[in-house]
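Note sheet for the following structure.
Just so you know, all these numbers are worked out from the coordinates, no wet-lab data involved. In this text, all values refer to a predicted model and were calculated from it rather than measured experimentally. Note that we place each Cβ from the backbone using ideal geometry, even for glycine, and neighbour counts take in every protein chain shown.
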Protein chains: 2
Amino acid sequence: MSMPEQAWEAYLAANEQAYLDELIEFLRIPSISTDPEHKDDVRAAAEWVAARMKKAGIPEVEIVESGGHPNVIGRWNAGADKPTVLIYGHYDVQPAVPLELWETPPFEPTIREGRLYARGSSDMKANLLTTLHAVEALGITEGGPPVNVIFFFEGEEEIGSANLPAFVAANQERLRCDVVLSADSGMDGPNSPVLVTALKGVVGCQIDVKSGDTDLHSGGYGASVPNANQVLAQLAASFHTAGGQVAIEGFYDEVVPLTERDRADIAIGDAALDAFIDGSGAYTTWGEAGYTKTERVFARPTLDLNGVWGGFTGQGEKTVTPCEAHLKLTCRLVPDQDPDRILDLIRAHVEKHLYPGVTYTLTPLNGAAYPFAIDRDHPAMVKTGAVLTEIYGAEPMFVRVGASVPVTGIFQRTLAADTVELGFSQPGSGAHAPNEWWRVADLALGSRVYCAVLKALAL
Amino acid sequence: MSMPEQAWEAYLAANEQAYLDELIEFLRIPSISTDPEHKDDVRAAAEWVAARMKKAGIPEVEIVESGGHPNVIGRWNAGADKPTVLIYGHYDVQPAVPLELWETPPFEPTIREGRLYARGSSDMKANLLTTLHAVEALGITEGGPPVNVIFFFEGEEEIGSANLPAFVAANQERLRCDVVLSADSGMDGPNSPVLVTALKGVVGCQIDVKSGDTDLHSGGYGASVPNANQVLAQLAASFHTAGGQVAIEGFYDEVVPLTERDRADIAIGDAALDAFIDGSGAYTTWGEAGYTKTERVFARPTLDLNGVWGGFTGQGEKTVTPCEAHLKLTCRLVPDQDPDRILDLIRAHVEKHLYPGVTYTLTPLNGAAYPFAIDRDHPAMVKTGAVLTEIYGAEPMFVRVGASVPVTGIFQRTLAADTVELGFSQPGSGAHAPNEWWRVADLALGSRVYCAVLKALAL
């Protein structure tokens, strides 16, 4: 650190142990949003967050019903002439099954070798607390944050944020902001900050094929009526070319071509991605010809056959000509692909490639998300980047992410606000896996980053 | 009927209701041979059959272990100078899933409009009973059957008769006969008797594809590693040409070409087959170019994808790139295709068409069967044909059958005995489908046919 120590830095340092104890308390609440048996725990977590926000000095704090698990919203005004920053996070967690793979119970947080093991530690209760600790420190030492801050914490991120689009649309005035900081993010290593320039979108559907009213005996009919499994296999096989491209007509029409700068940024990750794929357990590689593995994962749209089933799938054999078969697929999208238009193209593809006379239904899956991109020269990116460089002593890497974070697209389209991803989870911390962990040191460090970024955004 | 009524006819007529009640009792036993949970029910069905055989007066009745579900064997001697007829059948049934498609529960037999609905009614508990009722009537009224009769009822027909070839080989002396009557057969309509001149063979396998050690997140990996569902779909789609031919190299090499007489015989069934397909509930037709629907079903080999599954098949969505997918397939064979050779060709096809680097296992399914053919001028065919003509007032059609009855090939190869198919299931009676039924009137009629055929074979 080259700067003289700030008052808020001293405050954060003095409270390090108390803040860690608080995180442990928060992690004990099993706020598993997908499990109806944990509904009360999810609400208890919302109440815990609201109470913690009030304790931090945030003047306006409210638990707001969403239709599902509630949102916790807070506001701390700095003045009408100041920019407004929305801090996004979620207080729900993934299920902890399979429990037998955890070394210590998922809701009994345990520290081993500088890591705090618990479900929700990395994704994202610690990240959420860094933002509250930061504004508390600024409140105590400077009377409040230097910008207007809106806190928006949801309880349905791990189940696809189904109620969030309507909620944001209905609460546009309340959530209006200049920029979003999403704390649901991570780093590339303890001293390797990253800035996310793009997230993939996602859209999916289930296709149910029906070739007749009843399954038939393959000996009596199989030679002269369509077999739904065969019809489905031929359809499923038609979605890709031999070269690994998606074969849906028009699929790539809206894809923004990669620039030389994009490809150079992406290539920085080649070695890391190779190691990632090598460690994945996959026996070989596959993908779209003409692109590197890294480009495919981070910057090219894809179509995945997530589930397929039809006919007799039990033990032994049944010589059946099935009349029904099913397919679940999802596409990962990149700017400027539109989930609704891609769904239309999928439908047109099915119409064209399905064996004539066979019927089908196409049901969109929940959780469609627009792809997201933010210019690396966006002022908030530049200011955040400067803070990260200062604190970590290393320039942030500009990275694209293969996964989808639906809220970024929603904030961009509904609030016209871009999102800077600012979280501190470490790679390999097992966000959705057993033995999820958080690096203890990142709790204090993350709060310092948030203080400094809020101050930078005020300038 | 031009003949004066025989005593056995009167006896059968007097017992019609009691025999129907018996059938209903037999059908209540869920003797699903493929399901380990129904193992005891399968044995209970064997015991029911053995008891019923004893009650019919058959002097020698024994439940004989086969290694799997037991065989029930009986013998009623008429004299060393008489021909020996082996009556074959099976007491096991297909699974009843999907249960929700049954109008009434599969193991609660229900009569509606002259049909008895139950799993196993048409395939083949009613047919089995016709043979016992026939010898009981001949025993009561004439002291016994006019020929030596061996009864051979197995409990593994619906799972491919895996233990039967070894059993027949080991019990050749006990089963030695001049001709076989297989009751596992049917008619072309209530007044349309048929004589089967050929049965298809069958061979199948399960193919398990593995592209990695673990399922992966589609956002992190899907663009650069193979998706097992996609690999499997492409393999599954490779088994047929666009023209509906089986695309396996060498698949048709041993197929005996159809003669003009064959095609003429087959063409007699065109209208019936059209009606059969029309009534099947299939929305459209499909099949090998260059052959009529009838030729395809009865005289051309096929490949059916019986089951396919992989990845996430539950409610909702899971953005997974699966590492495993599975396929069950069976081929129907015609003379002179060899099941073992076809399995070798399938393996070679998989080797050639599977995405490189992906592993697979190919497991043969139980119940491979050689195709079967019998000369329409065989003496037993001629005598049986005369009886059918007399009783139904219509000459039997000589037909080929698309289904497989493995025992016919086994009896031909091991006992040197040809098989006359003599059963009474009606077309469209849903042998392997929900709402399987049996025409009530055929129980008494079938017994009369069996009595008359046994008498004709004695001459």
Per-pair calculated FRET efficiency, R0 = 30 Å: B:THR361 and A:ASP375 via Cβ, rounded to 0.05: 0.05
Order of B:ARG115, A:ARG261 - criterion: other Cβ atoms within 10 Å of each residue's Cβ, fewest first: A:ARG261, B:ARG115
Label-point separation, A:HIS432 to A:ALA166 (7 Å along Cα→Cβ), nm: 2.5
Alpha-carbon spread of chain B, three principal axes, descending order, Å: 80, 49, 45
Nearest-first distances (nm) between copies at B:THR141, label 7 Å from Cα via Cβ: 10.9
Other copies of B:GLY316: label-to-label distances in nm, shortest first, labels 7 Å along the beta-carbon direction: 3.5
Straight-distance crosslink candidates among aspartates and glutamates, where the alpha carbon sits under 20 Å from A:LYS55 and sequence neighbours closer than 8 are dropped: A:GLU9, A:GLU16, A:ASP21, A:GLU22, A:GLU25, A:GLU47, A:GLU136, A:GLU142, A:GLU154
For A:LEU216, residues with placed amide H under 5 Å, excluding near neighbours: A:THR321, A:CYS323
Shortest-first distances to equivalent copies, position B:ILE111, nm, label 7 Å out along Cβ: 8.1
Fully extended contour minus Cα-Cα distance, from A:ALA458 to A:ALA394, at 0.36 nm per residue: 20.7 nm
FRET efficiency, B:ALA275 to A:GLU16 (Cβ-Cβ, R0 56 Å, nearest 0.05): 0.10
Principal-axis tilt of helix A:228-237 within chain A, Cα atoms, nearest 10 degrees: 50
Amide N proximity, segment A:271-305 versus A:GLU249 label position 7 Å along Cα-to-Cβ, cut-off under 15 Å: none
With Cα atoms, 0 to 90° folded angle of helix B:441-458 axis to chain B main axis: 70
Rounded tilt (10° steps) of B:39-55 against the dominant C-alpha axis of chain B: 10
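Averaged over peptide B:274-284, how many Cβ atoms belonging to another chain are found within 10 Å of each residue's Cβ?
The shielding value for this peptide is 6.
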Where a label projected 7 Å from the Cα of B:ALA51 along Cα→Cβ would reach, residues of segment B:15-45 with amide N under 17 Å: B:19-31, B:40-45
For segment A:163-176, Karplus couplings with θ = phi - 60° (6.51, -1.76, 1.60), whole Hz, Gly/Pro x: 8, 6, x, 5, 5, 5, 4, 7, 10, 4, 5, 4, 9, 3
Furthest towards positive pole of dipole, A:GLY74, A:VAL401, A:GLY186, structure part chain A, Cβ charges: A:VAL401
Whichever aspartates and glutamates have a C-alpha closer than 15 Å to that of B:LYS293, once near sequence neighbours (fewer than 8 apart) are set aside: B:ASP262, B:ASP265, B:ASP270, B:ASP274, B:ASP278
Two-site label geometry, A:ASP340 and A:ARG176: point separation in nm, points 7 Å out along Cα→Cβ: 2.5
Note, ³J(HN,Hα) from phi for segment B:26-36, Karplus 6.51, -1.76, 1.60, rounded to Hz, x at Gly and Pro: 4, 6, 6, 7, x, 7, 7, 5, 7, 9, x
Overall Cα dimensions of the protein assembly as shown, principal axis frame, Å, largest first: 118, 49, 45
Footprinting exposure proxy for B:PHE276, A:PHE239 (fewest neighbouring C-beta atoms within 10 Å first): B:PHE276, A:PHE239
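Compute the Rg/Rh shape ratio of segment A:309-410: radius of gyration over Kirkwood radius, all on alpha-carbon atoms. Write down the numbers at each step before the final one.
Numbers: Rg = 22.2 Å, Rh = 18.2 Å.
Taking Rh as the inverse mean 1/r over Cα pairs, Rg/Rh reads 1.22.
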